[in-house]
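To keep things clear, I will list the structure first and then write my remarks on it.
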Amino acid sequence: MLNVKVNFKKMPGKLKIIRYGGMYTNRVKNKRIITTLVSTILCGVVIAGVSFATLGANGNSFVTPAGTVSESSAAETQSQNETSRSEVSSDKPVVTDTETNGIPPLEYDSDLKGEFGDKEQKVYVFNDVAYEVFYGDNSGADAYSDTINKTVFKLKKVLGSDTLFYDLVIPTRSEFTLPDEQKIKASTFSQKLNIERILQGLSQDIKGINVIDTLMRHRDEYIYFNTDSTWTALGAYYGYTCLGESMGFTPAEFDELNKATNTVSGYVGLTAKGITKESLFKRVKQNSDTVEYYDIPVDYTVKVTDSKGEEFAADLYYPAPTAEYAYAVFLFGGEYPVMTIKSKNPPQRGRNLLIIKDNSANAIIPYLTCNFDEITVVDYRYFSSDLNDVIKNKGIGEVLFLNGIMDANTEIRNNSIKALLN
């Protein structure tokens, strides 16, 4: 664990989390694509002669390798699900799918009804859980891929052609635990298809990492918060194991991390706080979260650079976090343009990593301390300097883009990434 003196005077007086920005600035504009939102329905549907791919609760889309919809598979699945629903009595829990490929079924009371918690339809509430609705589309996915491709092109000129590049887009909870019929009612897009579209658009120099299937196999565990769209430390750990497979390192054993579990109870996240209907908010608030975080079993030091360019020693976690800002325990509040993490005894030496990230990545980054000598973390939401000045002479051999799917589909966030090397 950390063995340095922390400058408490430099710590932010109020921990907070910057909200996903830009995606919902024009709700009316989003409604123009309401017909294409059917692409997230369980079955494949043909509207006006156009075939749309879909995603069911089992996480499987009906997209053929050529990118077209398999209408026969979609129709068959639709028939099976309609039969299943008709056979379930209204006084029994409804199972939205059977266990397939290790994916646990969703069970819920058929009498439960979901509804939007705000006039802008950003938050959908079902079973006393707050879901941030995802309205991203192909254009948003393509814009993000283009942004990462152009940024990598610039970084290769600075870091060298041998640099390895990775991209992981972090999904939100609605992809995993919101039943199919509720996804239809909420008009939420398929995050699986959106992420697949992003990965397909990345250049051959970038290795895309898809965590959807891994998280789907654990969706009956506490991998996402009830009141926020971000993943928990447990969900982030499963994402960390995916990184290990793709980046070629051995993840720290969960039991080793879990020996020192720290908890903060009573957390009500930003998604829930976006609910304007008082009765709904009270119900979700009663379903508040417990934020867990685990000690890292290596010796390390942390240095952060604030918005004024001042540096001070910090920690991977914020000491004594309050319930109100409990998620901000990760990465010492997660509000700094630059953070440098140095491991004194990682099991695999000689690897220096640059992470370009948003708020969704905060819970996963501490684990990477176990596998890299030095990690330079740049949060483009706060960064306003020249990235060249930060990364020069650091011996960085690998770059990882870690962004939430909301920000990945948001123009203002893409512009911030593009500006890093201008």
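Give me the residue from the range 259-283 that is out of contact with any helix residue (DSSP H, G or I) (no Cβ under 6 Å at 6 or more places or on another chain) and among the aliphatic types (A, V, I, L, M) and, out of that set, surrounded by the most Cβ atoms within 10 Å (Cβ to Cβ). I'd like the intermediate steps shown before the answer.
The initial filter retains those residues of the range 259-283 that are out of contact with any helix residue (DSSP H, G or I) (no Cβ under 6 Å at 6 or more places or on another chain), namely 259-263, 265-266, 269-271, 273-274, 276-283.
Filter once more, keeping what is among the aliphatic types (A, V, I, L, M): 260, 270, 280.
Details: A260: 12, L270: 21, L280: 19.
This residue is L270.
Pull out all pairs, ordered by first then second residue, where Cβ-Cβ is under 8 Å, the residues are six or more apart or on different chains, the first lies in the range 146-162 and is closer than 13 Å to L387 by Cα, and the second is among the basic types (K, R) and loosely packed, with under 15 Cβ neighbours inside 10 Å.
Matching pairs, first to second residue: V158/K392.
Could you check the range 181-193 and list, in sequence order, the residues that are under 24 Å from E115 (Cβ atoms), in contact with a helix residue (DSSP H, G or I) (Cβ under 7 Å, 6 or more places away or on another chain) and not β-branched (V, I, T)?
K183, S187, F189, S190, Q191
Conditions: (1) over 30 Å from E245 (Cα atoms); (2) out of contact with any strand residue (DSSP E or B) (no Cβ under 6 Å at 6 or more places or on another chain). S139 meets all but one. Number of the miss?
Here S139 meets the rest and fails (1).
Output yes when any residue across the range 317-332 is within 16 Å of F401 (Cα to Cα), assigned to a loop (DSSP other than H, G, I, E, B), among the small types (G, A, S) and at pLDDT 95 or above, and no when none is. Give the derivation first.
Of all residues in the range 317-332, those within 16 Å of F401 (Cα to Cα) come to none.
No, the range 317-332 contains no residue that is within 16 Å of F401 (Cα to Cα), assigned to a loop (DSSP other than H, G, I, E, B), among the small types (G, A, S) and at pLDDT 95 or above.
Can you tell me which of F372, F383 is out of contact with any strand residue (DSSP E or B) (no Cβ under 6 Å at 6 or more places or on another chain), under 27 Å from T163 (Cβ atoms) and part of a loop (DSSP other than H, G, I, E, B)?
Details: F372 fails: out of contact with any strand residue (DSSP E or B) (no Cβ under 6 Å at 6 or more places or on another chain).
One residue alone meets the criteria, F383.
Pick from S246, S161, S203: which is touching a Gly at 6+ places or on another chain (Cβ under 9 Å), surrounded by fewer than 23 Cβ atoms within 10 Å (Cβ to Cβ), under 24 Å from N352 (Cβ atoms) and not aromatic (F, W, Y)?
One residue alone meets the criteria, S246.
Mind listing whichever residues of the range 130-139 are over 16 Å from the mean Cα position of the chain (by Cα) and touching a residue at least 40 places away in the same chain (Cβ under 8 Å)? Spell out the reasoning first.
So the first thing to find is which residues in the range 130-139 are over 16 Å from the mean Cα position of the chain (by Cα), and the list is 137-139.
If the condition is that a residue be over 16 Å from the mean Cα position of the chain (by Cα) and touching a residue at least 40 places away in the same chain (Cβ under 8 Å), then D137, N138 are the ones that fit.
Does any residue in the range 394-405 that is farther than 13 Å from E374 by Cβ and in contact (Cβ under 8 Å) with a residue 24 or more places away in the chain come within less than 6 Å, Cβ to Cβ, of a residue that is surrounded by 22 or more Cβ atoms within 10 Å (Cβ to Cβ) and of a type in the set (D, E) six or more places away or on a different chain, and which pairs are these?
Cβ pairs passing all conditions: F401/D167; N403/D358; G404/D358.
Would you mind finding the one in G266, G274 that is more than 18 Å from the chain's Cα centre (by Cα) and at positive phi?
Details: G274 fails: at positive phi.
That would be G266, the only listed residue that is more than 18 Å from the chain's Cα centre (by Cα) and at positive phi.
From the set of residues in the range 365-395 that are within 24 Å of the chain's Cα centre (by Cα) and over 16 Å from Y336 (Cα atoms), which is surrounded by the fewest Cβ atoms within 10 Å (Cβ to Cβ)?
Per the stated criteria, the residue is E374.
The values are calculated or read from the model by the stated rules, or taken from the named source; none is laboratory data. Everything quoted here is computed from the prediction, not taken from an experiment. Neighbour counts run over all protein chains shown; Cβ positions are idealised from the backbone, glycine included.
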